1. What Kirkwood hydrodynamic radius, in Å, does segment 109-311 give when the mean of 1/r is taken over all pairs of distinct Cα atoms and then inverted?
2. Taking the dipole about the Cα centre of the chain, with the C-beta of Lys and Arg at +1 and of Asp and Glu at -1, give me whichever of Leu244, Val388, Pro337 is farthest to the positive side.
3. Which stretch or stretches of segment 371-413 have amide N atoms under 17 Å from the point lying 7 Å from Lys358's Cα along the Cα→Cβ direction?
4. For the chain, what ratio Rg/Rh do Cα atoms give with a Kirkwood hydrodynamic radius?
5. Take the alpha carbon atoms of segment 200-327, find their radius of gyration, then divide it by 2.2 N^0.38 Å using N residues; give the quotient.
6. For Arg162 and Glu274 in one chain, what is 0.36 nm times their gap in residues minus the Cα-Cα distance, to one decimal in nm?
7. Compute, for segment 7-93, the length of the dipole vector about the Cα centre, with Cβ point charges of +1 (Lys, Arg) and -1 (Asp, Glu) only. Units Debye, rounded to 20.
8. Tell me the per residue accessible area of segment 109-311 using a 1.4 Å probe; a whole number in Å² is fine.
Amino acid sequence: HKKSLPVYTSADVTKHATKDDRIWVTYGHGVYDITDFVDGHPGGDKILMAAGGSLEPFWLLYAVHKNPDVYALLEQFRIGNLKDEETSHILSNMEDPYEFEPRRHPALKPASVKPFNAEPPSQFLTDSFITPSDVFYVRNHLPVPEVDPETYSLEVTGVGVRTIYLSLHELKTKFPKHTLTAAVQCAGNRRSEMSEVKAVKGLSWGPAAIGNATWSGARLYDVLKAAGLEDDNPGVEHIQFEGLDTDAANLPYGASIPIEKAMDPKGDVILAYEMIPVRVVAPGVVGARSVKWLGRIVASEEESTSHWQRNDYKGFSPSVDWDTVDFTKSPAIQELPVTSAICDPAKGDTVTLTSEGKIVVRGYAWSGAGQKIVRVDVTADRGKTWHVAQFTGQDTQSKPPRHWAWTLWKAEIPVPPGEKQVQVELWVKAVDSSYNTQPENFENIWNLRGVLNTAYHRISVHI
């Protein structure tokens, strides 16, 4: 309670559900007037679902709100206290939407619990060219849906197609099975490094929100052709995907990719039923477009209207903040830029030098759009001397622009002479087959959503 503020009842709050009446909401014991915040809400107009009532049922679902920064922001809009006897009933009939989440491997380090988002320790990534599925990073936006393989049905509809429904069995038997090895990376991978420059909104990922897997499934091109879509239908610009995971308004997680990627047989987009049924795998593209628990495919003249396509996962100038951002001014992220990371040792580790006085360094490198990693450079003297790493894992069968897998590398780096070394800073940068490389620092690529975190990876280790 804030004793200096007036006390309101739930009935009082209910009268304030529109901008004309001022929008009031409650959380815990507080009453808040959020009218002036609604237009700037990063989650769009979903906040209006709580207008005239409590935020708590929605924050059970959108649990990313439960952090000190959001609480502090909300408190700025506090206008009163909710009557004591009314606060205990708000959640009394609410079921936890995350109650039946699957069990996860204990090695995964959660970035959030509801929804569950987690990455493995970075050292795990260099142990195997193929990331074990149990420790593959997890990125969820909503509760995991219950999907019965026996009753599963995929709808294919939209412009230029006849609507069809495919069971999991039909997806497996009616279409040739395609297998590819591809890395999938979250747009926010390495966000924790960008937030060291200035705070950003988003999960605090380390360098392990990426994994490399062998996926098998039906080719999206074949499925769309079976539904009657012509190769050059002028009315279709995007292929939209909708998941079976839904929010409080029963809207699904959604995303889309351009028709040029979807309808290119060499774009290698598949509807994977191995390693996860059924997931879009759009190789070379940001993980946010590889929709899981796929329920619906829509051929459309416009990109997905989903929040995550239109109002998230976009890059902006370092000078743009939440007061000036306009999500219509930037395109949705599709292909990701080149990146790399040191996985072993990890930041802050104490390392033992080899008999030659060198530090053994391992990591990964990857580039979007099917580009292949051609070189990885590592330095222990802030760029005065660069050492070229050797590749320990790379798909040697695939050529750019259809090289979808990551590259694992190893380097033995001499400790710089001339001073007593107790701590060394290691840097890494990668170069892809188009000779793209990484920017030197995060200051000049900072953006308010903390995406596209591709600057040199830098870690300090103790000798």
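The values are calculated or read from the model by the stated rules, or taken from the named source; none is laboratory data. All figures in this text were calculated on a predicted structure; none of them were measured in a lab. All Cβ positions, glycine included, derive from the backbone under ideal geometry; neighbour counts span all protein chains shown. Side chains included, ligands, DNA and RNA excluded: accessible areas come from the protein's heavy atoms. Shrake-Rupley method; radii C 1.70, N 1.55, O 1.52, S 1.80 Å.
1. 17.6 Å
2. Farthest towards the positive end: Val388.
3. Of the residues in segment 371-413, 376-381, 385-393, 409-413 have backbone N under 17 Å from the label point off Lys358.
4. My calculation puts Rg/Rh at 1.00.
5. 1.14
6. Result: 37.6 nm gained on full extension.
7. Using only the charged Cβ atoms, the result is roughly 120 debye.
8. Solvent-accessible surface per residue comes out at 38 Å².
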